[in-house]
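Engineer: My questions all concern the structure below.
The values are calculated or read from the model by the stated rules, or taken from the named source; none is laboratory data. These figures come from a predicted structure and were not determined experimentally. Cβ placement follows ideal geometry from the backbone for every residue including glycine, while neighbour counts extend to all protein chains displayed.
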Amino acid sequence: MNLAQVEAFLVVAEELHFRRSAERLHLAESRVSRLVASFEREIGGALFERTSRKVTLTAVGASLRDQLAPPYAQLLEAVDHARAAATSTRETLRVGLYATVDGPSITQLVDTFHARQPGISITLREVDPTLEPYATLRRGEIDVLISWLNVDDPDLTIGPPIEERARVLAVAWDHRLAGRPSVSVEDLADEKVALMPPSFPTALYDAIVPPSTPSGRPIPRTGPSGTFHEVIAQIARGLIVHPTVTSMPILARDDIVLVPISDLPPLTLGLLWCTARENHKVRALADVVRSAPPRTPPRRPRLSSSSAAPKSS
């Protein structure tokens, strides 16, 4: 048995897909298959059930994953410590975040962390929120992600909340709902909202854009969207409306109005990380977040602009 076998097994156990596992490991798919097969021979039994449609863990595989993941993470952490000690360099915590969630609370968190952990620096990396928001995290390119905590992926750990943000509906300046003091989820059944790509997590999608109203009316999810900037362009042109949150500078435009949604709960922003890659740096950041209660938005969110026509240039 060797570490390459263990790493290949744990990655395939997370992805349940050999091609995606090979991409994460930067290996050929055939190499990953051979590593897993050799590991199964070492164990003396099958760790995965493979069909042309899917890969699933056997009972032996699931038990082995649960027992191997924690010591493997500890091993990686010990190696990180040794490297830092050997080179006498400052450790770095790689934090990913969406441009749509950045704001004063994130700045305060980074400043507080630097004050309490002078031996660890933070590097911030923007993550695309529209395609596969957790892909960068799963590939190991970041250590922790600042994200909405509406997650049901078993390989991810939901960390402590940073703040809550009230719900608003982004509409074009001349949209029929733009002049209202508030709207309800029922109003969305008469509008079109963005259709996110299949790779977008279902739990997060349903939290941001409910699939139906409380009375059971479907909310039309229309044409596919690419980047969030493309979504914004469709909002400004009046092609779609978009349920979102307050405190989003990217939506502070003269041609877009944010109308409070009266009956959607706030979204909670917090830390998210891969369970198998938890380390002392991630735990240190989580401790800083836990030391302060999450911020709660005001009852009546402030609109990003008035319902007046955009100013001419």
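Quick grid of which residues meet (1) surrounded by fewer than 11 Cβ atoms within 10 Å (Cβ to Cβ); (2) under 29 Å from the mean Cα position of the chain (by Cα):
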position: PHE18; (1), (2): no, yes
position: SER30; (1), (2): yes, no
position: LEU35; (1), (2): no, no
position: LEU64; (1), (2): no, yes
position: GLN67; (1), (2): yes, yes
position: GLU77; (1), (2): no, yes
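Engineer: Now a separate question. Only residues that are in a helix (DSSP H, G or I) and among the aliphatic types (A, V, I, L, M): list them for the stretch 181-212, please.
Structural biologist: Result: VAL185, LEU188, ALA189, ALA203, LEU204, ALA207, ILE208.
Engineer: Does the stretch 249-269 hold any residues that are outside any strand (DSSP E or B), touching a Ser or Thr at 6+ places or on another chain (Cβ under 9 Å) and closer than 28 Å to GLU186 by Cβ, and which are they?
Structural biologist: Across the stretch 249-269, the qualifying residues are ILE250, LEU251, ALA252, ARG253, ASP255, SER262, ASP263, LEU264, PRO266.
Engineer: Give ALA73, ALA115 a once-over and let me know the one that is of a type in the set (A, V, I, L, M) and loosely packed, with under 12 Cβ neighbours inside 10 Å.
Structural biologist: ALA115
Engineer: Which pairs do you get when a residue that is not assigned by TED's automatic domain parsing to the domain that holds THR275, found in the stretch 60-84, comes within reach of a residue that is of a type in the set (Lys, Arg) and assigned to a helix (DSSP H, G or I), reach meaning Cβ atoms under 8 angstrom, with the pair 6+ apart or on two chains?
Structural biologist: Partner pairs satisfying both residue conditions: ALA73/ARG277; LEU76/ARG277.
Rundown of residues vs (1) at pLDDT below 90; (2) in a strand (DSSP E or B), yes/no style:
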{"residue": "PRO214", "(1), (2)": "no, no"}
{"residue": "ILE232", "(1), (2)": "yes, no"}
{"residue": "SER247", "(1), (2)": "yes, no"}
{"residue": "LEU271", "(1), (2)": "no, yes"}
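Engineer: Counting only residues that are closer than 18 Å to PRO266 by Cα, free of Cβ contacts under 8 Å to residues at least 24 places away in the same chain and not small (Gly, Ala, Ser), how many does the stretch 209-251 have?
Structural biologist: 1
Engineer: Looking at the stretch 218-227, can you tell me whether even one residue there is of a type in the set (Gly, Ala, Ser), surrounded by fewer than 14 Cβ atoms within 10 Å (Cβ to Cβ) and more than 17 Å from the chain's Cα centre (by Cα)?
Structural biologist: yes
Engineer: Could I ask something else about it? Check ASP152, ASP128, ASP143 and return the single one that is under 16 Å from ALA203 (Cβ atoms) and charged (D, E, K, R).
Structural biologist: Within the list ASP152, ASP128, ASP143, the selection yields ASP152.
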